[in-house]
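The values are calculated or read from the model by the stated rules, or taken from the named source; none is laboratory data. What you see is a predicted model; the values in this text were computed from it and never measured. Methodologically, a virtual Cβ is constructed for each residue, glycine included, from the backbone with ideal geometry; neighbour enumeration extends over all protein chains shown. The protein model used for the area step is the full one, side chains on, heavy atoms only, and it has no ligands, DNA or RNA in it. Shrake-Rupley method; radii C 1.70, N 1.55, O 1.52, S 1.80 Å.
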Amino acid sequence: MVADAFRILVIEADRDEAVRLRELLDGCARGIGAIETSVLADSHSALDNCPQFRPDLVIYGPAAAPRATPEDLQLLRTRAGPEPVPILFVKSERETLGSACLQTGCDDILVRPYNPNLVQLKLAALQRFCDFNRSLLAQRNRMRQHHADLLQEQASARQIFSNMGRESCLDQTRAIRYHLSPRAVLNGDVLAAAYAPGGKLMMLLGDFTGHGLAAAVGAVPLTSIFYSMVPKGFSLCHILRELNAKLHRVLPGNMFCCAVMLELDPHKQYGRLFNGGMPSACLRCGSGNLRMLESRHLPLGVLAETEVDEAVIHFPLETGDYLYLWSDGIHEARNLKGEMFGEQRLLDAVSAPMVEGRRFEHILAAVNHFGAEQHDDLSLVEVALADVVPRSTTGSEMGSEPDLEIGRLGNWSINFTLGPEELRDADPLPLLHSVLAQVPGAANFQDSLAIVLGELFRNALEHGLLRLDSALKRTDRGFAEYYRQLDSGRRRLSGGWIRIALRCRDRSGRGLLEVIVEDSGPGLPEGNAGRGNSYSGRGLRLLRAICRRLQVKPGSSRVRAVLDWGQVASRSRRLRKLAI
């Protein structure tokens, strides 16, 4: 077989006619290049020879053409390989081109007596046709290989993203239900959740511009920062600023991330929410009223630096409250008429009266029933706010045995003084947590330490230095106003200090930890030590549930708390009851 030759299979029982056809075709080789010809007597022989010869063209001679059947031609094309093979019939000028010839399935005819120039032109055209088909098949094979490689890469990327989500606590609580449906193999929407020290639940729903791999890649820096900063105790605003700066540095100019970030404190029964470019979140109160928590900030990654404090919404948690978050794929679901599902249909589904626990499925069913085809990544999250409980952590699990072996605690002391610059711009609690994590035994009681330090520090800052009145929290509007005054007062802070002293004494493995927090303020007003309402006063109850002793004196700016580390686990049972 000659390489790169134009292969022609001639089927003709008449030997003289077969010789004439071979000579004709050999003569055309001077004009179109190398031609390799194989002559066989009938279709049966041709079918046996096809897989080896792999013809580019089949010609039925004048004697063989009348005996050819449509089945013979179909089998010839099948056995010749994946490339289409033209089949010609030889007819004389005196013969009419009847319907029987057309029904047989031939592609063209050669007319006798032969005109060598016309035959050569026809062969050249058929050769170009065959070359074009070969290039198409080669491109198809390359596309198939590229597609297979892409699927393998996407599968690997999907596994990587799945492994990154192992730090998530989404499946560790019944309070959160979620549905993520990517338009492509990879999802441009990302959902992350983790517990912070002290039992706070942090959750992030993000929607990157675009779809598929390009959008999903943005989840890598987003989740890595989220899962590294939340366990260290960084505040919601601090995490958001770091996320924004990182995404601005690594994402191309045409990409950004719309995001909703949620912080829930099950101990003090309040929540904070940031919405940057996402559809309005919906807070469904136990009374059935809906409160829309709209976007108050640009998406993450748009600006190099940003202030997120004023965009954070504060709200109390009440029994029966549900929070619903979704991406714009819900709004933009389209039916066969091109109509969008829209916000109103979504709110109708959220507000529809039904048995508790079935609303999440009802919303998804309404979206799926309406939409004809998915045009975007689709995400829906439901959080039963009152059902969020603190996590159980190693060493101080809620309800674990009180006689936990914690090893040697050691004798040590730590002192910090925080000035106005640190109090105004920095978040000191993560630094305290990171230092305490290095001392013997402290890691076993991370949540209890975080609660005590957090409550005492916030009490010194909010009431000692900023002189905020907890009575504001008696109403929903006052609750939001309290945190607005806290944010603005902290930014304007120009003087004052807070001192934190910790001292541990090891008593045969059952240590005492003394925490003293003092501020430069005038001291707690008379009568404020035990006063509270439905939104305030919870911090004092928490501290008394955890600490062995708590000294809070009206008129003094010094608060002293003592933790018996050998009894933290048993005391934590009381803490859980408060959270519930």
Could you state the number of Å between the C-alpha centres of segment 151-173 and segment 209-245?
15 Å
Theoretical gain in end-to-end length, Asn254 to Tyr114 [0.36 nm per residue, Cα-Cα removed]:
43.9 nm
Considering amide H positions built from the backbone, and no H for Pro or chain starts, which residues 5 or more places from Arg296, or on another chain, come under 5 Å of its amide H?
Asn275, Gly277
Under the Karplus relation with 6.51, -1.76 and 1.60 and θ = phi - 60°, whole-Hz ³J(HN,Hα) for segment 356-364, x at Gly and Pro, equal 4, x, 10, 5, 4, 5, 5, 5, 4
Computed FRET efficiency, Cβ-Cβ of Asp425 and Ala471, R0 35 Å: what is it to the nearest 0.05?
0.75
Taking square-rooted eigenvalues a ≥ b ≥ c of the alpha carbon gyration tensor, is segment 6-137 rounded, prolate or oblate, where a/c under 1.5 means rounded and, failing that, a/b exceeding b/c means prolate?
rounded
For Lys246, list the aspartates and glutamates whose Cα falls under 14 Å from its own Cα; do not include residues on the same chain fewer than 8 positions away.
Glu305
Considering all alpha-carbon pairs of the chain, what whole percent are spaced by more than 40 angstrom?
49 percent
Farthest toward positive dipole pole in the chain [+1 Lys/Arg, -1 Asp/Glu at C-beta], among Cys285, Leu336, Ala219:
Cys285
Looking only at lysines whose Cα falls under 19 Å of Lys268's and that sit 8 or more positions away or on another chain, we get Lys200, Lys473, Lys577
Calculate the FRET efficiency for Arg505 and Val355 from the Cβ-Cβ distance with a Förster distance of 41 Å, rounded to the nearest 0.05.
0.15
Which whole number of Å³ per residue matches the convex hull of the alpha-carbon atoms in segment 184-324?
106 Å³
Any chance you could run the full-extension gain for Ser224 through Ile32? It's 0.36 nm times the residue separation minus the Cα-Cα distance, nm to one decimal.
62.7 nm
Starting from the residue with the highest accessible area, list His146, His331 in decreasing order, probe 1.4 Å.
His146, His331
Using a Förster distance of 45 Å, the FRET efficiency for Leu136-Asp14 (Cβ separation, nearest 0.05):
0.80
Phi-derived 3J(HN,Hα) across segment 539-549 with the Karplus relation (6.51, -1.76, 1.60, θ = phi - 60°), rounded Hz, x for Gly and Pro, is x, 5, 5, 5, 5, 5, 6, 8, 8, 6, 9
Spin-label model distance (nm) - Gln438 vs Ala480, 7 Å beyond Cα toward Cβ
4.3 nm
Pull up the DSSP beta bridges for the chain and report the antiparallel fraction as a percent, rounded to 5.
80 percent
